[in-house]
Every structure is written in structure tokens, then in C-alpha cells.
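Reading through the C-alpha cells given below for one structure.
Since every read-out is calculated from the coordinates, none of them should be taken as a lab result. Remember, predicted model here, so these are calculated numbers, not experimental data. Counting neighbours? That spans all protein chains shown, and the Cβs are built from the backbone with ideal geometry, glycine included.
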């Protein structure tokens, strides 16, 4: 099914290239859309200034390669994509691209622009041999609502273009609290040309979640309660597929944990409890403490910078609870940071629908071109594009999911929630669509799919069901039929599972 979407869009683009063969600018745009179909999904990370975007990006990649200070490079849109060898390429607004030197300071990658200014750069592209970048291209954007209007404009122009598809297929939006400015940006992202195709393709992250509880061990529990409340808020629910609390600094440092970090935490874990608790009351006390003598001021400052008080406290508790080796401790810290739920959500909501999201972005670009530069032959292309948008079931699912979350459908709350699940609102995998555990066997999934199919057929045929809801029922039934077909095929050919 996914192949038919990509193939159909690719064929449409090839037809459009023939129509615009004598227009170099249009042909270049179409070729760009064609390439996007075969590239990894583009996922942008956005948010207000100091929301922790680069820190979260480092956590996802598993290495500290995105600058997290307030230097010039954080004012430039920076792409992180997979490459066999590390390389940084600068693309100036005027002039030829050029390679930047690779430089590390204290284990962190540093971008050296030389005499160039951030405002003169269109983008930086970092190629890095990270497994996380094989399936995703990550895009770090400058802070929105920056004191510098030019810096903010770079993000908004990049993510919310006029009459063109966004450079990003989907977005992770970081916020420390739910402000009106956050909602306005997400509204604008949804209202781009891509958004008007009828999709919700944003995830919200409650960032720096460890600071919500003043660094207490239970900070992430408090952050989780707030995220649940935001998740149920209609003003945000219609704009984002989910809300996840993440302690970004802890996630970044856990994923790139050093032996010296572990040894410092071991020293702290071996201290007298009351002395340790007094020491960890505040960052100032921690830095100024005279004990333990085996942990100098420089080592304490480094540990505090990398993990924060919350991460240090949690690391010490885990060591005393039995995580006495560096690797298990790092994995447990990363898990408790909230990073894993975010990665699972990205996989379920974005990567599982990657082909549909990329195809939708390409179609938006083609549609914009046909509208802005009509000529002989574009009427036929527009008709083909409309058929593709109307008939591709993945697009119908995306539109229904957006409708459920925005204007709503004429169904009971129970049926609307069930429809959201069945069309992939909780994840596109068959088991998740059926509300089952991810490892549920095909027999169990098949039985549930048949049960849901019969239930929704009954709802569809009920004379009291409104006409607008009947169309939603048809989309849900088609989704159930797809799961039935997939599970039936697995029963016949189990080796293909």
C-alpha cells in the first residue's frame, strides 16, 4: 500500500516534469520533490529560545554534535543527516557551499564559521555516522520569539513558508509551559500549505521536565501529570499528536555518558547520606562543598553541567539501588529521562507513516506549482493529483485523524476515540491500531480486526448514523480491512513476519 502512494506521486512528478520541461526553476523544484520521496523522513525540532532543542537533538542522535550554547551557530538552520564519514558543509545565501573544519572541545563538536556571519548562512548540513540518522533527517531550528527578529524569522520562514510545502515533513515542538505563543506557532504550522492538506504532524515535548519539580527525584512524575493535562486540552490536542515530558539534559548526558561521569557518581554514592543530601540541596552548595576530597571542584562543575542536580541525584540513587556498572546505569538514566517514550512516539506516529507524510509533502509542492504557474497540460495534472489525494487510503486516514482532533465527527465520544485508534492515532502498526500490545500475535490481531470491522459495519448501516459520520465509518472499515488482509497474509506466509 505504501509503495502505491510513493509510486503514484513519483509518476505524477514525472508527468509534471514533461509539462514544465522548458521551465528550469519549476523543473528543479519538481526534482527536489521527487528526491524527497526516497530520502529519510525530515523531522524538525522547534521551540522558543532556551527550550532545549539542541540538547534534545543530541539525545536523539546519541552524541553531542549539536551546539547547545548561545553562539552564532545556534542562529542557523542546521540539518543532521546520515553520512559514512563526519562532515560539516556550510551553504551561504550567496556563494558556493564549503566544508567547515571538524573541531571538538571537551568531547563536543564545535562549528567554526571563521569570518562568516550567521545571517549570511542559509543552512549548515552535518553528516554523521549515527544509526539514529539512517531513518531520520533531523533539523535544528533557531529559537522562536528570539529578541532578534531576524533569528526568529529564519525558523518561521523555514517551517511555515507561504504557498509551498514546509522543508520538514513533521515537527517536534518543545515548550516549557503551554503559552499562547506556542499555540499560535503550532496553529501556523498546521495552517501551512502542508497543514491544509488535512493532517496533524506535530508532537509536543514538555522540555526541561526535571526543572518542574525543582530537581526532585519525583520531578518527572509531576511533569507527567502536567503533560497529561496538556494532552487533554482541546486547544493543544487538535495541534499535536501527543505530549511527552523529557528531561533533555539528562537524556543527552546519559546517551553520551563518560567513565569519569560514572566514577564521580560512584564517589557521591559512597558518601554519608546526610552529608550528601546537604551537598545536593543546591547547585551552589554542590560546587562549594569541601567534601568529598576525592571529587574536586572541577569534576563537580563538569558533572553539574552535564547532568544537573536532578540527574546527579537520580544517578546516585540508581547506583545505590544496584546499577553499579556504567552501561546499565546510562541506559536506566536515559529511560527515566523520558526519551524512550518520545522515540517510541516518533516511531509510531511519524516513521510508520513516513511514506505517506513524504508523499503528502511532495503533492503539496506539486499542487502549489500547478496553481502558481498554470499552462497547457496542468489541468490534466491537477485532476490526477486530486484523484491521488482522494483515493489514497493513507491520506484519508490522516484527514480523518485531523478531523477527529479538530472539528470532531458526528459520533459518540466512545466511537470517536475508537475511530482515532483504528486509523492509527495511537500508532500505525496493526497491533497498536487494535489497542493491543505491540508484540501481539497475528491470530489475536486478526480476531480483533474482524470484530472491529463488524462493529463499524453495523454503525455505518445504522439509519440513525449521520451522513458525515458514515464517511468516517468507511475510512475506519477500510483500515480494519487492511489489518485483516495483512494478518491473513502473515498466517499464510509466517516467515515474512
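Evaluate the relative contact order of segment 251-337 (contact order divided by residue number), counting alpha-carbon pairs under 8 angstrom at least 6 apart; express in whole percent.
The normalised contact order for segment 251-337 reaches 46 percent.
Quick one, what does Rg over Rh come out to for segment 251-337 if you take C-alpha atoms and the Kirkwood Rh?
Ratio of gyration radius to Kirkwood radius for segment 251-337: 0.92.
Relative to the compact globular guide of 2.2 N^0.38 Å, what is the alpha carbon radius of gyration of the chain, as a ratio?
1.06
Using R₀ = 56 Å, calculate the FRET efficiency as 1/(1 + (r/R₀)^6) where r is the Cβ-Cβ separation of residue 373 and residue 335; round to 0.05.
Calculated transfer efficiency: 0.65.
Order these by the 10 Å Cβ neighbour count, fewest first: 207, 152, 54.
Placing the least packed residue first, the sequence is 152, 54, 207.
Sorted by packing (mean other beta-carbon atoms within 10 Å per residue), highest first, where do 282-288, 227-233, 251-257 land?
The most tightly packed comes first, giving 251-257, 227-233, 282-288.
Can you give the extra length, in nm with one decimal, that the chain gains between residue 134 and residue 486 once fully stretched, where that is 0.36 nm per residue apart less the Cα-Cα distance?
124.1 nm
How much FRET efficiency would the formula 1/(1 + (r/R0)^6) give for residue 325 and residue 466, where r is the Cβ-Cβ distance and R0 is 51 Å, rounded to 0.05?
Given R0 = 51 Å and the Cβ-Cβ separation, E is 0.25.
Would you calculate, for the chain, the mean residue ellipticity at 222 nm contributed by helices, counting each DSSP H stretch of 4 or more residues as -39,500 (n - 2.57) and dividing by all residues, to the nearest 500?
-17000 deg cm²/dmol
Order by neighbour count: 340, 11, fewest other Cβ atoms within 10 Å first, most last.
Result, fewest neighbours first: 11, 340.
Among bridges DSSP assigns within the chain, what percent are antiparallel (round to 5)?
40
Helix 219-232 against the longest principal axis of the chain: what's the angle in degrees, Cα atoms only, rounded to the nearest 10?
The angle comes out at about 20 degrees.
I'd like the orientation of helix 442-461 relative to the chain: the angle between its Cα long axis and the longest Cα principal axis, in ° from 0 to 90, rounded to 10.
50
Hey, for a label at residue 91 modelled as a point 7 Å past Cα toward Cβ, could you say which residues of segment 50-80 have their backbone N under 19 Å away?
So the set is 66-67, 73-80.
Note down the nm distance, to one decimal, between modelled labels 7 Å out along Cα→Cβ at residue 184 and at residue 226.
In this crude spin-label approximation the distance works out to 2.2 nm.
Roughly speaking, what is the stretch gain from residue 406 to residue 302, that is 0.36 nm per residue apart minus the C-alpha to C-alpha distance, in nm to one decimal?
32.8 nm
What is the distance in Å between the Cα centres of segment 34-90 and segment 323-382?
With segment 34-90 and segment 323-382 each reduced to a Cα centre, they are spaced 15 Å.
Which angle between 0 and 90 degrees, to the nearest 10, do you get for helix 467-492 versus the longest principal axis of the chain when only C-alpha atoms count?
That helix lies at roughly 70 degrees to the long axis.
Take peptides 309-318, 21-30, 263-272, 423-432 and line them up by average Cβ neighbours within 10 Å, highest first, as a rough protection proxy.
So the order, starting with the most tightly packed, is 309-318, 423-432, 263-272, 21-30.
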